[in-house]
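Please read the structure below before turning to the comments.
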Amino acid sequence: MAVTNVVKTYRDGTIQIAAGADSLNVSLDVGDFSFEEPKAGRTVIRDRGAIAGLRKADDEVGSCSFTVHFREFTDAASSNIYDFIYHRASASGYTSVGTSGFEQWLVDIVYTSNATAMAGGTHTATLNKVLLTASFSEGQPDSISVTGEVYGTYTYSNT
């Protein structure tokens, strides 16, 4: 398959937060999703000050962020973003994607850029084992800034 010439825009993107069989399609987001997939840290090997080699060190923690327009802090009946991030109210029964050894509430983030209307295909990035936090900000409109620390893998697909 040849590389597409269709440039993607924020109008093509969607974000989904998933925890096991449960998921939340993020709506009313600003369109500023970003993420960083770091490489392992580096240990420089030196011979009397001159660089003689380079070895992999500890894995680095990745990151992601996005902003949504504020609607509510909690809802006992319907899952909302704050409840999903903090594993409470309507989302309290959901199952973390963290396995043995991961005590924190972790989710997967699935970002999809769908440009099939322009023959640009669908491109997906899945960030696994993400610890999310949120911060509220009053404004026009009020907003919630979501940040994540990625403790798992990054998976990409194109269709």
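Table for the structure above
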read-out	value
Long-range neighbours under 8 Å by Cβ, at least six apart or interchain, first residue charged (D, E, K, R) within the range 127-138, second surrounded by 11 or more Cβ atoms within 10 Å (Cβ to Cβ) and in a strand (DSSP E or B)	LYS129/ASP108; LYS129/VAL150
Close pairs (9 angstrom Cβ cut-off, 6 or more residues apart or separate chains): over 26 Å from TYR111 (Cα atoms) in the range 35-50, polar (S, T, N, Q) and exposed (fewer than 11 other Cβ atoms within 10 Å of the Cβ) anywhere	none
Complete set of residues in the range 81-107 that are among the acidic types (Asp, Glu) and farther than 13 Å from LEU24 by Cα	GLU103
Strands (runs of 3 or more DSSP E) within the range 41-159 that include 3 or more residues of a type in the set (S, T, N, Q) and within 19 Å of GLY20 (Cβ to Cβ)	122-137
Odd one out for ALA2 among (1) farther than 27 Å from TRP105 by Cβ; (2) at pLDDT 90 or above	(2)
Some residue of the range 28-42 being crowded, with 18+ Cβ neighbours inside 10 Å and either of a type in the set (D, E, K, R) or more than 19 Å from TYR154 (Cβ to Cβ) (or both)	yes
The range 1-22 - residue that is touching a residue at least 24 places away in the same chain (Cβ under 8 Å) and out of contact with any Gly (no Cβ under 9 Å at 6 or more places or on another chain) and, of those, surrounded by the fewest Cβ atoms within 10 Å (Cβ to Cβ)	ALA21
Residue count, the range 103-159 (criterion: surrounded by 15 or more Cβ atoms within 10 Å (Cβ to Cβ), under 16 Å from ILE81 (Cα atoms) and either among the hydrophobic types (A, V, I, L, M, F, W, C) or at pLDDT below 95 (or both))	11
Candidate set from the range 55-96 (those that are hydroxyl-bearing (Ser, Thr, Tyr) and free of Cβ contacts under 8 Å to residues at least 60 places away in the same chain); member that is farthest from LEU131 (Cα to Cα)	SER78
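The values are calculated or read from the model by the stated rules, or taken from the named source; none is laboratory data. The model shown is predicted, which means the values in this text are computed figures rather than measured ones. Here Cβ is always computed from backbone atoms with ideal geometry, including for glycine, and neighbour counts include all displayed protein chains.
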